[in-house]
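> This structure is in structure tokens; I'll ask about it shortly.
No value in this document is a laboratory result; all are computed from the given coordinates. Worth saying up front: this structure is predicted, and the values here are computed from it rather than measured. For neighbour counting, all protein chains shown are included, and Cβ atoms are generated from backbone atoms with ideal geometry for every residue, glycine included.
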2 protein chains.
Amino acid sequence: MASGSRDRATAATVTLPSAVFGPVRSQTAFEETVDRLGTAIKLGLLAPGAQLPAERELCARLGIARSTLRQALTALGQSGHVFATRGRGGGTFVSDPQPPADPPSQQMLDRWRETCDQRLAVELGVAVLAAERAARADLDTLDELAATLEATLEDFVAYRQADVRLHVALAEATRSAQLVRAMTEAQGAMTDLISYIAHPPQVLASSNAQHRRLLAAVRERDAMRAVRVMSEHLQGTEHILAGLLPGG
Amino acid sequence: MASGSRDRATAATVTLPSAVFGPVRSQTAFEETVDRLGTAIKLGLLAPGAQLPAERELCARLGIARSTLRQALTALGQSGHVFATRGRGGGTFVSDPQPPADPPSQQMLDRWRETCDQRLAVELGVAVLAAERAARADLDTLDELAATLEATLEDFVAYRQADVRLHVALAEATRSAQLVRAMTEAQGAMTDLISYIAHPPQVLASSNAQHRRLLAAVRERDAMRAVRVMSEHLQGTEHILAGLLPGG
DNA sequence: ATTGAAGGACGGACAACCAAACCTTTTCTT
DNA sequence: AAGAAAAGGTTTGGTTGTCCGTCCTTCAAT
């Protein structure tokens, strides 16, 4: 009635209301900590054997209480991702034989397209900004990582880790902490999706060629070419997923 | 010592540790609700005079308790963004003369580049996916919004609102709820930044020309051209900010 | 006059989080 | 060998945010 005359002003859409009025469930500090550290470990950003900062320092850096951090570390310990040794010189370490990844949840599979969309945005933004801002040292690092990547065509787990490192390094070249975080999140989600999918060496080889072209475009500061190559690179993954999952 | 031999494996960078070990401050449900509704109002997505869903329904949609929602509504009421009328046929409404926007905080100004980077990623992703997925109806809606936009060259506040609607509508055309939300967040942050900056009509006119070219590219499903135009479009804003703020 | 639908207010219960101690183990230093 | 130092492990108590349910008040429609 009274609101009827206003309806003209607001577009009657489907996605917008859900973006404004949709669920607001925020993760707890405990959950987010498990997520952050767990993702970093699963992605190999924290290598097996690596030592985490001391609890008293880490909780300060994370901005949480030590008891909350310990909950998270206990959870990561029970799932076999980290272990702790006591006494001076002790600490919390990333387990050396990492536990096997658990299969993607149904919810994860249902939302695979959203996951890919999110990654697309992050990667395109990173591609443009890296092309604008990458320093000489960044480019050298990226080349090294690409070389490492090309030596791991046979072992998909190793390949995936090196791949993640390359993409995260590209994000670091943008000098944007937020983009680095967004990239790790996106890669974590993607890893959950694709870890259970067979990747023949030929696919990885083609992927490597794209990496090389991407880095060349970044080195020449050709943002648009970087975007195009990146776009093609990501569509490879999407096509594979679209063929295997519903909603493709 | 023991960890020294592993250092080779982990890149000694600056941004990555802060992405993994950085603060984990999670907003409370109350804060996030104020933020979401407040942003939607400030962006004009909830127009002055518009009625919000009833409390009992809204708290269900937001997935929070009614008392928590009421805290948020009380806060928005005290800041003059909404008002409530009681009794049957009553409800919570967006105030008609909206309170004046408060000036951007120092923290906001310090992080302006991160804000722009975030927006860049979202907008580029949206540009690509909209070009791929926009339906006929979406394109018509976008054209209407562009036409509306071109009629508001004189009043910057009105122009900004119409601009936001266009960009959000483009995000809606991607059919990705997450991207729509990311877009509203990014636009909210941008509005805070640029609301206190003079925008002469000639700048807005040039911006409009870019909008038209953008929509043309989307209509022709030319994702790369859409990216290029969008990129130029965003750089306009960045140049203005870079000239006015430190760190440019 | 009655009813129904809306906002408004209150109180108990609970879970997350924090802060500050204190304990135990181990290694390094003197 | 003694002690200091540095790490994880434990306990306690308090604060805050959130939820749930109940009831009250207002007011338009019937």
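> Somewhere in region A:171-190, is a residue among the acidic types (Asp, Glu) and either surrounded by 15 or more Cβ atoms within 10 Å (Cβ to Cβ) or touching a His at 6+ places or on another chain (Cβ under 6 Å) (or both)?
Step one: filter region A:171-190 for residues among the acidic types (Asp, Glu), giving A:172, A:185.
Next, only the ones that are either surrounded by 15 or more Cβ atoms within 10 Å (Cβ to Cβ) or touching a His at 6+ places or on another chain (Cβ under 6 Å) (or both) stay: A:172, A:185.
Checked region A:171-190: at least one residue is among the acidic types (Asp, Glu) and either surrounded by 15 or more Cβ atoms within 10 Å (Cβ to Cβ) or touching a His at 6+ places or on another chain (Cβ under 6 Å) (or both).
> If only one of B:Ala127, B:Ala135, B:Ala162, B:Ala158 is farther than 26 Å from B:Ala198 by Cα and more than 10 Å from chain A (Cβ to nearest Cβ), which one is it?
On the way: B:Ala127 fails: more than 10 Å from chain A (Cβ to nearest Cβ); B:Ala162 fails: farther than 26 Å from B:Ala198 by Cα; B:Ala158 fails: farther than 26 Å from B:Ala198 by Cα.
Being farther than 26 Å from B:Ala198 by Cα and more than 10 Å from chain A (Cβ to nearest Cβ) holds for just one of B:Ala127, B:Ala135, B:Ala162, B:Ala158, which is B:Ala135.
> Could you list, in sequence order, the residues of region A:130-151 that are of a type in the set (S, T, N, Q) and buried (at least 18 other Cβ atoms within 10 Å of the Cβ)? It would help to see each step written out before you state the result.
Applying the first criterion (of a type in the set (S, T, N, Q)) to region A:130-151 yields A:141, A:148.
Matches in region A:130-151: A:Thr141 only.
> Condition (residue is of a type in the set (Val, Ile, Thr), away from DNA strand D (no atom under 16 Å from the Cβ) and over 18 Å from the mean Cα position of the chain (by Cα)) applied to region B:87-107: is it met by at least one residue? Talk me through it step by step, then tell me what you get.
Let us first name the residues in region B:87-107 that are of a type in the set (Val, Ile, Thr), namely B:92, B:94.
Those still in the list that are away from DNA strand D (no atom under 16 Å from the Cβ) too: B:94.
With the extra rule that they be over 18 Å from the mean Cα position of the chain (by Cα), the set shrinks to B:94.
Scanning region B:87-107, I find at least one residue that is of a type in the set (Val, Ile, Thr), away from DNA strand D (no atom under 16 Å from the Cβ) and over 18 Å from the mean Cα position of the chain (by Cα), so the answer is yes.
> Residues in region A:53-75 that are among the hydroxyl-bearing types (Ser, Thr, Tyr) and either more than 13 Å from every other protein chain (Cβ to nearest Cβ) or within 7 Å of DNA strand D (Cβ to nearest atom) (or both): how many?
At the first step, the residues of region A:53-75 found to be among the hydroxyl-bearing types (Ser, Thr, Tyr) are A:67-68, A:74.
With either more than 13 Å from every other protein chain (Cβ to nearest Cβ) or within 7 Å of DNA strand D (Cβ to nearest atom) (or both) added as a condition, the list becomes A:67, A:74.
Within region A:53-75, residues that are among the hydroxyl-bearing types (Ser, Thr, Tyr) and either more than 13 Å from every other protein chain (Cβ to nearest Cβ) or within 7 Å of DNA strand D (Cβ to nearest atom) (or both) number 2.
> Let me ask something additional. Spot the failing condition for A:Arg225; the list is (1) more than 25 Å from B:Leu179 (Cβ to Cβ); (2) basic (Lys, Arg); (3) in a helix (DSSP H, G or I); (4) more than 16 Å from the chain's Cα centre (by Cα), and only one is missed.
Every condition holds for A:Arg225 apart from (1).
> Among all residue pairs at least 6 apart or on different chains, which show Cβ distances below 7 Å where the first residue, located in region B:88-107, is within 14 Å of B:Gln78 (Cα to Cα) and within 14 Å of chain A (Cβ to nearest Cβ) and the second is assigned to a loop (DSSP other than H, G, I, E, B) and more than 16 Å from DNA strand C (Cβ to nearest atom)?
Sorted first by the residue in region B:88-107, then by its partner, the pairs are B:Val94/B:Ala47; B:Val94/B:Pro48; B:Ser95/B:Pro48; B:Gln98/B:Pro48.
> From the list A:Ala19, A:Ala47, A:Ala29, exactly one residue is facing another protein chain (nearest Cβ under 8 Å) and within 16 Å of DNA strand C (Cβ to nearest atom). Which is it?
Selected residue: A:Ala29, the only one of A:Ala19, A:Ala47, A:Ala29 that is facing another protein chain (nearest Cβ under 8 Å) and within 16 Å of DNA strand C (Cβ to nearest atom).
> Just to be sure, is A:Gln78 away from every other protein chain (no Cβ under 14 Å), under 19 Å from A:Asp35 (Cβ atoms) and within 16 Å of DNA strand D (Cβ to nearest atom)? Walk me through how you get there before you give the answer.
Numbers: away from every other protein chain (no Cβ under 14 Å): yes; under 19 Å from A:Asp35 (Cβ atoms): yes; within 16 Å of DNA strand D (Cβ to nearest atom): yes.
So A:Gln78 passes the test.
> If the Cβ limit is 7 Å and pairs must be 6+ apart or interchain, which residue in region B:62-82 that is touching a residue at least 12 places away in the same chain (Cβ under 8 Å) and away from DNA strand C (no atom under 12 Å from the Cβ) pairs with which residue that is part of a helix (DSSP H, G or I) and small (Gly, Ala, Ser)?
B:Ile64/B:Ala29; B:His81/B:Gly38
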